[in-house]
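Asker: Here it is, the structure, as structure tokens.
All of the numbers you see were taken from the coordinates with simple rules; none came from a lab. Keep in mind the model is a prediction, meaning the values are calculated, not measured. Cβ placement follows ideal geometry from the backbone for every residue including glycine, while neighbour counts extend to all protein chains displayed.
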Amino acid sequence: MQPDASDHRQPRLLVTGATGYIGGRLVAALEARGHRVRCMARRPEHLTGRVAPATDVVGGDCLRPETLGAAVAGIETAFYLVHSMGSTGRFEDEDRRAARHFGEAARTAGVSKIVYLGGLGDSRRELSPHLRSRHETGEILRQSGVPVVELRASIILGSGSLSFELIRALVERLPIMLCPKWVRIEAQPIAIEDVIAYLEGTLALPAEHRIFEIGGADRVSYADIMLEYARQRGLRRRLIFVPVLTPRLSSLWLGLTTPVYARVGRKLIESIEHPTVVTNDDALRAFPVRPMGLADAISRAMRFEEREFAATRWSDAVSSAGAERSWGGVQFGSRLVDVRSAFVPVPRAAAFAPIRQIGGTRGWYYGNGLWRVRGALDLFVGGVGLRRGRRHPDRIGVGDALDFWRVEAYEPDRRLRLRAEMKLPGRAWLEFEVKDAEGGSTITQSAAFDPVGLPGQLYWYGIYPLHRRVFAGMLAGIARRAVAPAAGPGAPAAAAQNR
């Protein structure tokens, strides 16, 4: 019998990392079963419209312990799905602090159980910094005194997952692949559906310290996964193994050929260099889950791999852009703004439609080659580039990743504001606003930049001639698309002005 969400006697569950790939899917699964759920996120506004009306959403940051009290108050079981893999600094230190702060807050609030999703790896052997940190996080949570159920998983395969998008991009784009030795390391990939089933299953376990290793039915290598994907797609792919690709070189290569940028790629590869297989089958006795094999996991992921069908994607997590930079105490110069407007003889909804669809495979309506160059330069310096695309070709929401931007504000048919997540000497936003006007609508496009010191000023004014051309072309392209959605570049331009 499913619990009644309106019954306040039901224990409340907390999901941290609710904006992330796994957290988002877990929230949906718990809601579907009628559980009373509370979501914690650094930017709670990113969950607007993504959770059920009965689900609580609170702000909280595990690196800021003063924000955690309200999140854990009245919680029975807390799912800890936080990591610092996208951090630009020492992610191990951030993981330690986050786990310590959360464990202390949970103990103070009387939380009965913490469920933590970590990573597989034999702790008796030398592990990568990432896997070592995953194990250490579980130990720090246990030190809080709150019972911890830790699930250690291998590669997670599902539509939109980091590992699956990496594999898909490599196999789809490269008929011949030069592969380093880590591609042959054994793993035990598990389908995202099985991971969620295990997480849900922890609710039935007693509140005591347990560690479970979870994996799919098959032990395979990354090479096997890529070849199975190619088989199911009907592609012929050749793998050539070479001994000279270091993790750093491999990560740069991944950054250029896949949606994964170099910093995350390097941490991912360092983890893959170590076997991640199940050595203890206690999970099969404690849970009613019988994980599917590799072929079924890939088949299911492929059925939903198109971005418009992926329930969540790894890039949804705010941490996919790296740690949010703190600007406290930084002296900004005067804000620099480029504002342009265009009148279009169509209703507001029609004028806003191309704005809602901007980015991703549709591009930016002008100079897409220049946008790709800017994305490549961003990847080169360790940024996110354009590889993240967008979640859905026609729908958008606050918190969505959109190429190297993040949706910061969205009002349907009225306003879209994007915050830059590319590497910049300052902060930047791009905003579109559509208002009713006599005989049609007015589109206002604003680009704002808060420079930091002389480098910021030099950046803005140094490339402003190019920005001016791109901004003007982009607005004209939006106006053309609004007036004639099916027309190409030859459609008549709308009246525009710059101020």
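Asker: Between Ser112 and Val337, what is the label-point separation in nm under the 7 Å Cα-to-beta-carbon projection?
Answerer: 5.3 nm
Asker: Count the net charge of all other residues whose Cβ sits under 10 Å from the Cβ of Ser144, scoring Lys and Arg as +1 and Asp and Glu as -1.
Answerer: The answer is +2.
Asker: Let me ask something additional. Normalising by the residue count of the range 336-498, find the relative contact order in percent from Cα pairs under 8 Å and 6+ residues apart.
Answerer: 32 percent
Asker: Right, next: Going by how many other Cβ atoms sit within 10 Å of their own, how do Tyr116, Tyr410, Tyr198 line up, fewest first?
Answerer: Tyr410, Tyr198, Tyr116
Asker: What whole-number distance in Å separates the alpha-carbon centres of the range 134-203 and the range 372-407?
Answerer: That distance is 23 Å.
Asker: Through the Karplus equation 6.51 cos²θ - 1.76 cosθ + 1.60, θ set to phi - 60°, convert the phi angles of the range 454-459 into ³J(HN,Hα) values in whole Hz; use x for Gly and Pro.
Answerer: Whole-Hz 3J(HN,Hα) from phi for the range 454-459: 5, x, x, 4, 5, 4.
Asker: Right, something else. For the range 93-146, just say rounded, prolate or oblate: build the C-alpha gyration tensor, square-root its eigenvalues into a ≥ b ≥ c, call rounded for a/c under 1.5, and beyond that prolate if a/b exceeds b/c, oblate if not.
Answerer: Prolate, since a/c reaches 1.5 and a/b exceeds b/c.
Asker: Hey, another quick one. Report the FRET efficiency, 1/(1 + (r/R0)^6), for Met302 and Ile240, where r is their Cβ-Cβ distance and R0 is 22 Å, rounded to 0.05.
Answerer: Efficiency at R0 = 22 Å is approximately 0.30.
Asker: Moving on to the next point. Extension gain Ala295-Leu466, at 0.36 nm per residue separation less the Cα-Cα distance, in nm? Intermediate values should be presented prior to the final figure.
Answerer: Working: separation 171, 0.36 × 171 = 61.56 nm, distance 4.83 nm.
Net length gain for the segment: 56.7 nm.
Asker: Apply the Debye scattering formula to the range 73-212, with a single equal point scatterer on each alpha-carbon and no solvent, then give log10 I(q)/I(0) at q = 0.17 Å⁻¹.
Answerer: After summing over all Cα pairs, the log10 values are -1.03.
Asker: Per 5 Å bin, what is the whole-percent P(r) computed from every C-alpha pair distance within the range 336-498?
Answerer: Once binned at 5 Å, the Cα pair distances of the range 336-498 give 2, 9, 17, 23, 22, 15, 8, 3, 1, 0.
Asker: Full extension from Asp281 to Arg415: what is 0.36 nm times the residue separation minus their Cα-Cα distance, to one decimal in nm?
Answerer: 43.0 nm
Asker: Between Arg43 and Ala437, what FRET efficiency follows from the Cβ-Cβ distance if R0 is 51 Å, with the result rounded to 0.05?
Answerer: Efficiency, from the Cβ-Cβ distance: 0.95.
Asker: Excluding Val72 itself, what net charge comes from residues whose Cβ is under 15 Å from its Cβ, given Lys and Arg +1 and Asp and Glu -1?
Answerer: So the surrounding residues net to +2.
Asker: May I pose another question? State, to one decimal in nm, how far the label point of Arg231 lies from the label point of Ala484, with both points 7 Å from Cα in the Cβ direction.
Answerer: Here the answer is 5.1 nm between the modelled labels.
Asker: Turning to a different aspect of this structure: For each of Ser128, Ser446, Ser123, count neighbouring Cβ atoms within 10 Å of the residue's Cβ, then give the residues from fewest to most. If you can, show how the numbers build up before the last one.
Answerer: Working: Ser128 20, Ser446 16, Ser123 13.
Sorted ascending by nearby Cβ count, the order is Ser123, Ser446, Ser128.
Asker: Could you compute the FRET efficiency for Ala204 and Ala349, with r as their C-beta to C-beta distance and R0 at 60 Å, rounded to 0.05?
Answerer: 0.80
Asker: Could you give each residue of the range 220-235 its phi-based ³J(HN,Hα) in whole Hz, using Karplus coefficients 6.51, -1.76, 1.60 with θ = phi - 60°, and x for Gly or Pro?
Answerer: 9, 9, 4, 4, 4, 5, 5, 5, 5, 4, 4, 4, 5, 8, x, 10
Asker: Further question: Size of the dipole of the range 336-498 about the Cα centre, Lys and Arg at +1 and Asp and Glu at -1 on the beta carbon, nothing else charged, in debye to 20?
Answerer: For the range 336-498, the charge dipole is close to 400 debye.
Asker: Here's another thing I want to ask about it. Most exposed first by the Cβ proxy, i.e. fewest other Cβ within 10 Å, how do Arg372, Arg303, Arg236 rank?
Answerer: Arg236, Arg303, Arg372
Asker: Taking 0.36 nm per residue of sequence separation and subtracting the Cα-Cα distance, how much length would be gained by fully extending the chain between Asp56 and Leu174, in nm to one decimal?
Answerer: Value of the extension gain: 38.0 nm.
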